[in-house]
1. Considering only protein heavy atoms, what is the solvent-accessible area of residue 189 at a probe of 1.4 Å, reported in Å² to the nearest 10?
2. For 193, 286, 102, write out the residues from largest to smallest accessible area, computed with a 1.4 angstrom probe and no ligands counted.
3. Before anything else, pin down the relative contact order of segment 101-221: Cα pairs under 8 Å, at least 6 apart, normalised by residue count, whole percent.
4. Whole number please: convex hull volume per residue of the Cα set in segment 212-302, in Å³?
5. Taking the mean number of other Cβ atoms within 10 Å as a proxy for protection, how do you rank 291-299, 198-206 from highest to lowest?
6. Using the C-alpha gyration tensor of segment 253-302, what are the square roots of 5 times its eigenvalues, in whole angstrom, with the largest one first?
7. Do you know the relative contact order of segment 182-249, to the nearest whole percent, from alpha carbon pairs under 8 angstrom that are 6+ apart?
8. Report, to the nearest whole %, how much of the accessible area of segment 139-276 belongs to carbon and sulfur atoms, 1.4 Å probe, protein only.
Amino acid sequence: MRSRNPVFSRRGFSRDNGYAGFNTAPQAGGPAVGTQANPYAQGNPYAQPSGNPYAQNPYAQQDLQHGAPQAPATTGRMTMDDVVLRTASTLGLLIVTAALAWALLPVDDANIGRSYGIGIGAAIVAMVLGFVQSFKRKASPALILTYAGLEGVFLGVVSSIVDNRIASGAAMQAVLGTMAVFAGVLIAYKAGWIRVNRRFYGFVMAATLGFFLLMTVNLLFAVFGGGDGLGFRSGGLGIMFGIIGIILGACFLAIDFKQVEDGIAYGAPREEAWLAAFGVTVTLVWIYMEFLRLIAILNSND
């Protein structure tokens, strides 16, 4: 199952990880597994070709002697408990390192340069690790946890700067906002108010591509022209794009939930739970950063 996060090209559940992603199982006379581009195609992407006609369906094995359906074998398969445990571990480490960075890396006038440098360095290494994980065929818990720890250092420093020098209480407001978005999307998804299908997926990916292209152009103008670039991250435009960023992050949370749900239903291997945890963590970090940026703009004196 291919996870799509615009920050890291969504390294999760990819069709090249040996389990064929969202793509359909091979059909007679049709294309091989992994050649279709539809991430929401029907069929079990974890079904393996076999001479045993009963091996194609992992959900209902038949008892050949009595003809009674048997419960599916769950050994080594991903469960919701696995996803929750891995996600809690990843987010827990991120929160701990963020708290330590907040406490141990002061942002007063004498130390802000050093602290900010450490935070940016941690963010760059975390990004590299994210890209490495995105191209690996299997999840690497060590890579994912290291990414979470370094991302926590970056978030701790940035949150401390915004909270202490721009808007008091901004970090807690951003945390509450992120939690509210997570809970709201989860409730809406479970209630069926959000339906993740090809149309939804295509719209979100197109909107995200446009969003990041604009942010990249704005960054280039800021680097080479000075100031705030085209103004997409300050003032009224900054507020608008901050809200758009949060909405896009919420959409990717819905996609994450869909991919976790499908992975469990299709009998994904247990190690895929680490990819699910990674995807959810990256999306939540994105939403948190958009909230923090939005709060900083709203409280800016500029």
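The values are calculated or read from the model by the stated rules, or taken from the named source; none is laboratory data. Remember, it's a predicted structure, so these values are computed and weren't measured experimentally. Neighbour counts are summed over all protein chains in view; Cβ atoms, including those assigned to glycine, are modelled from backbone coordinates with ideal geometry. For the accessible areas, the whole protein counts, side chains as well, though only heavy atoms, and no ligand, DNA or RNA atoms are used. Shrake-Rupley method; radii C 1.70, N 1.55, O 1.52, S 1.80 Å.
1. Here the residue's solvent-accessible area equals roughly 30 Å².
2. Highest to lowest solvent-accessible surface, that is 193, 102, 286.
3. 22 percent
4. About 95 Å³ per residue, rounded to a whole number.
5. My ranking of the peptides, most packed first, is 291-299, 198-206.
6. 34, 10, 4
7. Relative contact order, segment 182-249: 19 percent.
8. 71 percent
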